[in-house]
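Since the structure comes first, as structure tokens, the remarks are kept for the end.
FYI, it's all coordinate maths here, none of it is from the lab. Nothing here was measured: the structure is a model prediction, and the numbers come from that model. Counting neighbours? That spans all protein chains shown, and the Cβs are built from the backbone with ideal geometry, glycine included.
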Ligand SMILES: Cc1cc2nc3c(=O)[nH]c(=O)nc-3n(C[C@H](O)[C@H](O)[C@H](O)COP(=O)(O)OP(=O)(O)OC[C@H]3O[C@@H](n4cnc5c(N)ncnc54)[C@H](O)[C@@H]3O)c2cc1C
């Protein structure tokens, strides 16, 4: 059932319609097979890019869609309700453009941003390492200053779009401690850069997650974004926006699970009535609906603060926490509504449950979101 959205403009309404149309024609026919086989869906990103859906929150000046974040996130939610892995990849692409857009010089933006936002390329965000996820400041990948630039050495991990992206927003060490990290924009064809084989994941199987090895890879100095040592604050500022993307994706998955569960509960009969008419089951569905609405409300609240230029870091963490916990609960309950059939691959709800799980883990685990929120409370 299509969500009846409150949207700020006619243009935004058209954008949602366009997204639903592309989802019907491009995403829905391929999602089940692609997620089952783990085969990357060639042609899907170019289709989204051609429709302008890969660069919605960025200014027109650089080829973006100049949409408010509250609209961009609702588009992302629509994509996620059809195909979570693609929505995550789109969100990560947006995240990977954020450092150049926010911290790049005019020259750097003129040189690279338009291509990155053109819809013909896709980006990746490379902060984590195998031993440094929550504790990102412990990363070891090193960028050593040399004549004309840096030599990169080390191994990054968990890169969404790894091996498929055209550019990598990389965080590497140029000094010691948390102030010794810098941000770089690395083209995929950099000599000395190679990728591991995709992780065998529980869900989101159609989009690869890989390691990346840098072996004496040379990067020109002009590809450093921001100042030396500014990397960690760049990474965290990008993550505030990225977490809202994940909150919207989680809401889309939860909405879809709810829709499937309601449709099933209206058809399935037990004890001579539709199962939705058994109050015990109706209440499960009611709680699921309340959780989905709450998830959407929290991410929209944070997005509207961002659009208004207000601080939104705490609200972004609240949205990520609330929406991804909601997605886990709602998708688990959807499996319950389907009974035994819910536990089989004949119905998609088991996939939604597998997809929801990772959303409590990446872009800061939900323990880390609580840490961020608690720090805001302590500092207020
Ligand atoms: C499918 C997938 C895609 C990903 N994509 C990307 C990507 O594109 N780019 C990228 O950079 N990274 C990516 N990641 C990495 C992801 O962000 C990390 O996995 C995540 O931040 C957790 O880090 P970790 O796995 O090292 O777990 P750890 O940091 O080892 O945490 C293990 C457990 O300890 C808990 N914990 C740790 N510290 C604390 C604390 N201080 N207080 C309370 N509990 C704590 C955690 O919440 C967790 O439950 C991806 C991961 C996955 C699984």
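Measuring between their Cα centroids, the stretch 207-232 and the stretch 11-50 lie 30 Å from each other. Mean residue ellipticity at 222 nm, helices only, the chain: -16000 deg cm²/dmol; runs of at least 4 DSSP H residues each add -39,500 (n - 2.57), and the sum is divided by the number of residues.
The fewest-to-most ranking of 1, 116 by surrounding Cβ atoms within 10 Å reads 1, 116. Under the simplified labelling scheme, the residue 107-residue 13 pair shows an inter-label distance of 4.8 nm, with each label point 7 Å from Cα along Cα→Cβ.
Compute the helix-to-body angle for 10-22: its Cα long axis versus the longest principal axis of the chain, expressed 0 to 90° and rounded to tens. In the chain, helix 10-22 runs at an angle near 80 degrees to the longest axis. Which one of 311, 41, 57 has the biggest mean-square fluctuation once the chain is modelled by GNM with Cα springs under 10 Å? Result for the chain, Cα springs under 10 Å: 311 fluctuates most.
How would you classify the chain from its alpha-carbon gyration tensor, with a ≥ b ≥ c the square roots of the eigenvalues: rounded for a/c under 1.5, else prolate if a/b is greater than b/c, otherwise oblate?
It comes out prolate by the Cα gyration axes.
The angle between the Cα long axis of helix 69-82 and the longest principal axis of the Cα atoms of the chain comes to about 60 degrees, rounded to the nearest 10. Peptides 65-77, 287-299, 259-271, 163-175 ranked from most to least packed, by the mean per-residue count of other Cβ atoms within 10 Å: 65-77, 163-175, 287-299, 259-271. For the listed peptides 240-249, 4-13, a ranking on the average number of other beta carbons within 10 Å per residue, highest first, reads 240-249, 4-13. Structural descriptor for the stretch 238-379: relative contact order 32 percent, calculated from alpha carbon pairs under 8 angstrom and at least 6 residues apart. Contact order for the chain, expressed relative to its length and based on alpha carbon pairs under 8 Å spaced 6+ residues apart, stands at 16 percent. With everything on Cα atoms, drop me the angle between helix 279-307 and the longest principal axis of the chain, reported from 0 to 90° to the nearest 10. Tilt of helix 279-307: around 30 degrees.
When each of 330, 372 is scored by the number of other beta-carbon atoms lying within 10 Å, the sequence from fewest to most is 372, 330.
By other beta-carbon atoms within 10 Å, ranking 278, 93, 98 with the fewest at the front produces 278, 98, 93.
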